[in-house]
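Heads up: the structure comes next, in structure tokens.
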Amino acid sequence: QVQLVESGGGLVQAGGSLRLSCTASGSFLSIASMGWYRQAPGKQRELVASITSGSTPDYADSVKGRFTISRDNAKNTKYLQMNSLKPENTAVYFCNTMVVLATDFGSRYVDVWGQGTLITVSS
């Protein structure tokens, strides 16, 4: 069983910074892509940033230049550094990780979600 544990959420004033962490634990062969999603009240969940196994990042247009995603493969952890936060960034942020699990016939990819962490940006 694979689990994701998130940390780093909270309350911050507009213009401030926060860093989220997400650590994967359990039995898996490797971690493929990793991403951060968010869901604001009354809105659909959306992708904020993702990073490939080769550490190539990708960002939603709304956060480019302000958010940075990174990963530490040795720690099975990824991070989301969020700077210049805005009130519209208020949401529950979810960690998402694609892990590779061993099977009797080889391996398979499994999508795993964290429990979510609330970020509130006050104006």
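The values are calculated or read from the model by the stated rules, or taken from the named source; none is laboratory data. Values in this document were obtained by computation on a predicted structure and should not be read as measured data. Positions of Cβ are generated from backbone atoms using ideal geometry, with glycine treated the same way; all protein chains shown enter the neighbour counts. Quick note on the areas: whole protein, heavy atoms, side chains included, nothing else; ligands and nucleic acids left out. Shrake-Rupley method; radii C 1.70, N 1.55, O 1.52, S 1.80 Å.
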On the given criteria, is Thr97 β-branched (Val, Ile, Thr), in a strand (DSSP E or B) and open to solvent by 60 Å² or more (accessible area, probe 1.4 Å)? no
Inspect all residues belonging to the range 1-9 and state whether any of them is over 20 Å from Asp72 (Cα atoms), surrounded by fewer than 14 Cβ atoms within 10 Å (Cβ to Cβ) and without any contact (Cβ under 8 Å) to a residue 12 or more places away in the chain. no
In contact (Cβ under 8 Å) with a residue 12 or more places away in the chain, open to solvent by less than 70 Å² (accessible area, probe 1.4 Å), in a strand (DSSP E or B) and of a type outside the set (A, V, I, L, M) - does that describe any residue in the range 10-17? yes
Matching entry among Gln81, Gln44 (being closer than 30 Å to Ser123 by Cα and part of a loop (DSSP other than H, G, I, E, B)): Gln44
Which numbered condition Thr68 misses (of (1) over 15 Å from Glu6 (Cβ atoms); (2) within 10 Å of the chain's Cα centre (by Cα)): (2)
Could you list, in sequence order, all residues of the range 68-81 that are of a type outside the set (Gly, Ala, Ser) and either surrounded by fewer than 13 Cβ atoms within 10 Å (Cβ to Cβ) or in contact with a helix residue (DSSP H, G or I) (Cβ under 7 Å, 6 or more places away or on another chain) (or both)? Asp72, Asn73, Lys75
Considering only the range 47-67, how many residues are more than 23 Å from Val100 (Cβ to Cβ) and either open to solvent by 80 Å² or more (accessible area, probe 1.4 Å) or among the aromatic types (Phe, Trp, Tyr) (or both)? 5
Residues of the range 108-123 being open to solvent by less than 100 Å² (accessible area, probe 1.4 Å) and part of a loop (DSSP other than H, G, I, E, B), in sequence order, are Gly114, Gly116
Taking only the range 82-94 into account, find how many residues are buried (at least 16 other Cβ atoms within 10 Å of the Cβ) and under 19 Å from Asp58 (Cβ atoms). 5
